[in-house]
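Derivation of every value follows stated rules applied to the coordinates shown; laboratory data play no part. All of these numbers come straight from a predicted model, not from anything done at the bench. Methodologically, a virtual Cβ is constructed for each residue, glycine included, from the backbone with ideal geometry; neighbour enumeration extends over all protein chains shown.
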């Protein structure tokens, strides 16, 4: 499990980074992002997963930001978006494709998913793109909370950053030597290597500890300049 200090640090940094100017620029980029292969891929998955429901559904977007993918949701009865940045939520009041949300109840909540109390609410579809395992931690607590919030027959879809392609040769050599190093040296490396990014093995281990009926993880390589890199995408069903 990632350390609590890393969690608190990531929450503080996200709240500070996504100020009014950054949030406005992020919202403006939504208009360009829809023309990228990354958007086509992600929005396509969200659309396909929610289209598979044969009834109106309740949806939770973890780290919703500007509501970039709200318009890609199908069969939505209600959407709750939660984010640590009030400025991003302000932009989410008028998200891209807002006209498609005219008959949908949209609730925007300022807070962090890790600590927020949902008061017994349940959701049919929970998703999080570019947040967990990137800007904040994904650990057993988060995975377990997603499971508890999901209704029977519900689906989760989320992405984390795959750290393996980001490791240089020096890091890989150090990892091989790690088991044989003195404890003080290990402590230094542990601090230096502390990150929200994950390996496929770490993500798989966390998901295996949960009670999801099944889950699948795929790698997706994005070349979009603001979302570049290898991402692990997980679909889990309850």
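Below, the figures for the structure above:
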read-out	value
Label-point separation, residue 93 to residue 32 (7 Å along Cα→Cβ), nm	2.6
Whole-angstrom gap from region 62-106 to region 127-153, using each part's C-alpha centre	18
Most to least packed among 19-29, 112-122, 146-156 [average Cβ atoms within 10 Å]	146-156, 19-29, 112-122
Ranked by how many other beta carbons lie within 10 Å on average, peptides 35-42, 62-69 from highest	62-69, 35-42
Cα gyration tensor shape of region 59-103, rounded if a/c is under 1.5, else prolate or oblate by comparing a/b with b/c	oblate
Spin-label zone in region 54-93 - amide nitrogen under 14 Å from a point set 7 Å from the Cα of residue 100 along the C-beta vector	67-77
Cα gyration tensor shape of region 18-91, rounded if a/c is under 1.5, else prolate or oblate by comparing a/b with b/c	oblate
Whether region 37-177 is rounded, prolate or oblate, judged on the alpha carbon gyration tensor where a/c under 1.5 counts as rounded	prolate
